[in-house]
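Worksheet for the structure shown next.
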Amino acid sequence: MTTINRAASTFLLLLTAGAASAQESGFTWEGSLEIGLDSTLSSDDPTAEITDTYGILEAAFEAAITERITLFGGLTLESVTDPLVSRQFDDMGIYISELGLRFDLSPATLSIGKVSPSFAYAWDETPGFYGTSLAEDYELSEVIGGTLDYELGETGGTLSFALFYADDSVLSDSLGTKRGRNTTAAGGAGNTGKLDNLSLQWRRETGDTAYWVGVRHLKAGTGDVSDETGAVFGISQGFGNGFTVIGEVAHFNGFAGTGDDATYATLGGSYTTGPWSYSASFTGIDNSAAGHDDMIAVGVDYAFANGFELGGGIGFYDIGDVKSTALGVSLVIPFGG
């Protein structure tokens, strides 16, 4: 058994012990169930005109082991393969998205295990059903390593640093429908099996304004052409009258180990009045090899008094000179304890 597999087994044992001793150790958890439909209504490629009726169940927990040490984890149940034909709640698998130990080193916090390094926010915070769909290309998640978040003072923001590699342990597979265990032989930037990939980001919030700047370096994996080096800058602004905007630009040399350069630019905005929220967003991609891609999306969401959220949107895509129109709708049910 490899060192990382022994570590994974230890974390799973700790998870069981943490849940069993929730009353004594201090246990918090939260999650959500999303039920939705994502349908490509029209496309220059007729084979892409499919409908995916899906469900996503996510749960995360924290269990205090000591005053300064916390066990954390996250589980996700969803379709673990991309749809090739129309499907209804098919190809479902459950996997561990995060699992590790967190150490309070005030004013710093150290997390080790399967973690999600901080890099950019457009992939998570752009409003609307389709707002994040292209920016998700550069999200950092499901990696093995450590993150260090250092609070720089009341107005100095947070500096986040991470060393990691793509998860290639048993935790990279799923139960139910198998997505397959990752191996370094699969290649891909950052999939090195060594702690030789890094990210560094600074974020500061002042009132209704937040801004961030970050860099990352991912080593070439097996068969890759080059390392990837990226940088990001973004800002979000709330205006106190229901309007909020977010803008982010990310540039990568050797994106995903391909040797191609890519620049992503995302701009999104929303207006909230009562329980209703209306949004629009744009993401453009310039790739030195593939040319220009873009997405324009509009959406509307309704927040119920019990915390449920009903939302929908339309996305207009031009990817690889293939134009398509997508319609999506979802209901999100939060829960916790």
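So the values come out like this:
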item	result
Matching entry among 320, 312 (being open to solvent by 30 Å² or more (accessible area, probe 1.4 Å) and either more than 21 Å from the chain's Cα centre (by Cα) or under 28 Å from residue 60 (Cβ atoms) (or both))	320
Selected residue [under 29 Å from residue 188 (Cβ atoms) and either open to solvent by 60 Å² or more (accessible area, probe 1.4 Å) or touching a residue at least 24 places away in the same chain (Cβ under 8 Å) (or both)] from 306, 253	253
Residue count for the range 131-152, restricted to those that are within 14 Å of the chain's Cα centre (by Cα), open to solvent by less than 50 Å² (accessible area, probe 1.4 Å) and over 14 Å from residue 197 (Cβ atoms)	5
Number of positions in the range 96-128 that are touching a strand residue (DSSP E or B) at 6+ places or on another chain (Cβ under 7 Å), more than 18 Å from residue 161 (Cβ to Cβ) and not in a loop (DSSP other than H, G, I, E, B)	5
Filtered residue count, the range 220-234, keeping only those that are farther than 15 Å from residue 138 by Cα and open to solvent by 70 Å² or more (accessible area, probe 1.4 Å)	3
Condition check for residue 131: of a type outside the set (Phe, Trp, Tyr), assigned to a loop (DSSP other than H, G, I, E, B) and in contact (Cβ under 8 Å) with a residue 60 or more places away in the chain	yes
Contacts under 9 angstrom Cβ, first residue in the range 270-299 being at negative phi and surrounded by 14 or more Cβ atoms within 10 Å (Cβ to Cβ), partner at pLDDT below 95 and acidic (Asp, Glu), 6 or more apart	none
Close pairs (9 angstrom Cβ cut-off, 6 or more residues apart or separate chains): within 16 Å of residue 193 (Cβ to Cβ) in the range 219-237, open to solvent by 50 Å² or more (accessible area, probe 1.4 Å) and part of a strand (DSSP E or B) anywhere	227/217; 227/253
Any chance residue 118 is within 19 Å of residue 79 (Cα to Cα) and open to solvent by less than 50 Å² (accessible area, probe 1.4 Å)	no
Tally, over the range 74-115, of residues that are β-branched (Val, Ile, Thr) and either open to solvent by 50 Å² or more (accessible area, probe 1.4 Å) or at pLDDT below 95 (or both)	4
Selection count where residues are over 26 Å from residue 326 (Cβ atoms) and outside any strand (DSSP E or B), scope the range 43-95	4
Condition check for residue 155: under 30 Å from residue 251 (Cα atoms) and either of a type in the set (D, E, K, R) or open to solvent by less than 60 Å² (accessible area, probe 1.4 Å) (or both)	no
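The values are calculated or read from the model by the stated rules, or taken from the named source; none is laboratory data. Keep in mind it's a predicted model, so treat the numbers as computed, not measured. Backbone-built Cβ (ideal geometry, glycine too); neighbour counts: all protein chains shown. These accessible areas exclude ligands, DNA and RNA; they are computed on the full protein's heavy atoms, side chains included. Shrake-Rupley method; radii C 1.70, N 1.55, O 1.52, S 1.80 Å.
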